[in-house]
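Chemist: Structure below; questions to follow.
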Amino acid sequence: MENKNMEKGKVCVTGGNGFVGSWLVMRLLQHGYYVNTTVRSNTGLTNTHTHTPELGFLRDLPGASERLRIFEADLNHPDSFRAAIAGCIGVFLVAHQMPTDTTTTNSDETSTTSTLAILLACLDAKTVKRAIYTSSAAAAIFSGNSSTTIDEGSWSDLDLIHKSPPPVAAYATAKTLTEKAALEFGEKHGLEVVTLLPTYIHGPFIGPRCPASVYTLVSMLLGNADSYKYLAGSVDVVHVDDVASVQIFLFESGDAKGRYICSAVGSTIDELYQLLCRRYPHYQIAPPDCSMGRPYEISSQKLLETGFKYKYGLEEMYDGAIESCKKLGLF
Ligand SMILES: NC(=O)c1ccc[n+]([C@@H]2O[C@H](COP(=O)([O-])OP(=O)(O)OC[C@H]3O[C@@H](n4cnc5c(N)ncnc54)[C@H](OP(=O)(O)O)[C@@H]3O)[C@@H](O)[C@H]2O)c1
């Protein structure tokens with residue numbers, strides 16, 4: 001429930017109509033923040049009807065009519081974020097442009113250039129105390145370290161990344177280069193930049209589209225082997241609500257510094273198969289034939305040592321995701 005006595009300052013969330021962005025906007029409003037969020041121009045903002053199907057779910061959030069403003073901005077024109085950032089005390093960089101082709105060049109250039117331009121806008125605003133960049137575990141897991149534990153000291157190596165299939169390589173390259181550049185920018189210019197490295201984000205979605213990560217994780221139930229083949233190695237997962245909570249926690253916690261891995265449950269595709277068969281016996285699930293075992297463990301120790309506690313387990317992530325998918329007719 002929204003607490004009227006808890007009104008806080010104004011923050012900006014980029015990509016507020018996305019899976020993570022929309023949960024974050026919802027939770028920030030509940031915490032009492034004024035929220036400026038950005039969407040792309042094709043999302044329906046310019047439609048004069050207040051309740052366009054694409055953005056109505058944001059405008060209907062509790063507290064939105066008083067404290068949510070939606071701006072248009074595009075990562076390909078990063079100065080377009082300036083209006084949404086003006087006067088904010090915090091900026092959550094959540095939007096990310098997925099590569100449209102199999103080459104890595106465009107996506108990592110767009111990602112790094114736009115992120116640095118948004119951070120420059122944060123500096124210029126003179127009101128921003130901290131920027132939280134949503135990186136990805138993909139910026140750490142290709143480290144090639146001899147240790148099988150991935151932690152905040154692990155940085156993905158570009159040569160190792162490029163051994164992965166093109167879409168994975170393009171994404172991991174963009175996230176690795178952008179996160180490094182964001183942290184360096186913060187150091188160089190005296191702006192507090194904290195980065196968050198979630199693993200697969202799962203759970204219910206509040207927007208009108210099934211997020212790619214949720215689709216991948218439920219694809220075994222849908223019998224789509226082309227999609228669940230990406231889960232052949234370690235399957236590390238975190239609930240979207242926990243991700244939103246970590247983002248807010250890292251913004252509010254005075255001591256937060258540097259990188260934070262965010263992963264609640266470590267599993268394998270075989271364990272997932274067993275869990276899904278047990279919990280959803282009415283689905284006909286074929287056993288996966290792409291298991292590669294678990295090449296590494298991902299450690300959230302740094303985050304847990306701050307006192308943060310994950311609220312959700314794998315069963316709750318799947319229950320929530322399936323409910324949302326049912327509403328879209330996917331099941
Ligand atoms: N989901 C995961 O498993 C996962 C795991 C680790 C890290 N992450 C990171 O978490 C963040 C959010 O991911 P998500 O799962 O919420 O993805 P999502 O649902 O696809 O949201 C991405 C957001 O970025 C926006 N966007 C894309 N291209 C843009 C552009 N050129 N200009 C402005 N906005 C643009 C999208 O707008 P449109 O709706 O217009 O496309 C959308 O609002 C990303 O940075 C991602 O790398 C996600």
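The values are calculated or read from the model by the stated rules, or taken from the named source; none is laboratory data. It should be emphasised that the depicted structure is a prediction, and the values quoted were computed from it without experimental measurement. Note that each Cβ is placed from the backbone with ideal geometry, even for glycine, and that neighbours are counted across all protein chains shown. Surface areas here come from the heavy atoms of the whole protein model, side chains and all, with no ligands, DNA or RNA. Shrake-Rupley method; radii C 1.70, N 1.55, O 1.52, S 1.80 Å.
Chemist: Roughly how many whole Å is it from the C-alpha centroid of region 245-261 to that of region 264-285?
Modeler: The distance from the Cα centre of region 245-261 to that of region 264-285 comes to 32 Å.
Chemist: Expressed in nm to one decimal, what extension gain is obtained for the pair GLU297 and ASP159 from 0.36 nm per residue of sequence separation less their Cα-Cα distance?
Modeler: 47.6 nm
Chemist: Right, here's the next one. Enumerate the helices in the chain for which the Kyte-Doolittle hydropathy averages -0.5 or more and the C-alpha atoms extend at least 27 Å along the helix's axis, using complete DSSP H runs.
Modeler: 105-125, 166-189
Chemist: Quick one: compute the contact order of the chain, relative version, from alpha carbon pairs under 8 angstrom and 6+ residues apart, as a percent.
Modeler: Value for the chain: 16 percent.
Chemist: Give, as a single signed number, the net charge of other residues whose beta carbon lies under 15 Å from the beta carbon of GLU305, with Lys and Arg counted +1 and Asp and Glu -1.
Modeler: Net local charge, GLU305 excluded: +1.
Chemist: Report, by chain and number, residues whose modeled amide H sits under 5 Å from the one on PHE331, excluding near sequence neighbours (fewer than 5 apart, same chain).
Modeler: LYS326
Chemist: Can you give the helix-only mean residue ellipticity at 222 nm for the chain, where every DSSP H stretch with n ≥ 4 adds -39500 (n - 2.57) and the sum goes over all residues, rounded to the nearest 500 deg cm²/dmol?
Modeler: The helix contribution divided over the chain gives -11500 deg cm²/dmol.
Chemist: Tell me the label-point distance for the pair ARG59, ASN76, using the 7 Å Cα-to-Cβ offset, in nm and rounded to one decimal.
Modeler: Those two pseudo-labels are separated by 2.6 nm.
Chemist: Simple spin-label model, 7 Å along Cα-to-Cβ: ASP124 to LYS327 in nm?
Modeler: 3.8
Chemist: Additional query: Enumerate the residues in region 211-235 having an amide nitrogen under 18 Å from the point lying 7 Å beyond the Cα of ASP270 toward its Cβ.
Modeler: 229-235
Chemist: Using a 10 Å cut-off on Cβ atoms, rank the peptides 164-176, 245-257 from the highest mean neighbour count down.
Modeler: Peptide ranking by packing, descending: 164-176, 245-257.
Chemist: Quick check: with the 1.4 Å probe, what order do SER299, SER41, SER65 take by accessible area, largest first?
Modeler: The most accessible residue leads, giving SER65, SER41, SER299.
Chemist: Leaving ligands, DNA and RNA out of it, report the carbon-plus-sulfur percent of the accessible area of region 154-230 at a 1.4 Å probe.
Modeler: After summing per-atom areas, the C and S share lands at 54 percent.
Chemist: Full extension from ASN224 to LYS311: what is 0.36 nm times the residue separation minus their Cα-Cα distance, to one decimal in nm?
Modeler: Answer, rounded to one decimal: 28.4 nm.
Chemist: Also: In the chain, with Lys and Arg counted as +1 and Asp and Glu as -1 at Cβ, which of these residues, CYS277, GLY223, LEU304, has the Cα nearest the positive end of the dipole, that is, farthest along it?
Modeler: LEU304
Chemist: Between beta-carbons, use under 13 Å as the cut-off and find the net charge around LEU196, counting Lys and Arg +1, Asp and Glu -1.
Modeler: Net charge in that neighbourhood comes out at +2.
Chemist: Dimensions of the chain along principal axes (Cα, Å, largest first)?
Modeler: Computed over the chain, the largest-to-smallest principal extents equal 53, 43, 41 Å.
Chemist: Let me ask another. In Å², and per residue, what accessible area does the chain have when probed at 1.4 Å with the other protein chains present?
Modeler: 44
Chemist: Could you give the length gained on full extension between GLU187 and ALA286, defined as 0.36 nm per residue of separation minus the Cα-Cα distance, in nm?
Modeler: 30.7 nm
Chemist: Let me ask something else about it. Against the globular-protein guess of 2.2 N^0.38 Å, express the Cα radius of gyration of region 129-198 as a ratio, rounded to two decimals.
Modeler: So region 129-198 has a normalised radius of gyration of 1.13.
Chemist: Given a cut-off of 28 Å, name the pairs among LYS8/LYS311; LYS175/LYS327; LYS8/LYS326; LYS257/LYS309; LYS175/LYS309; LYS175/LYS257 whose C-alpha atoms lie farther apart than that in the structure shown.
Modeler: LYS175/LYS327; LYS8/LYS326
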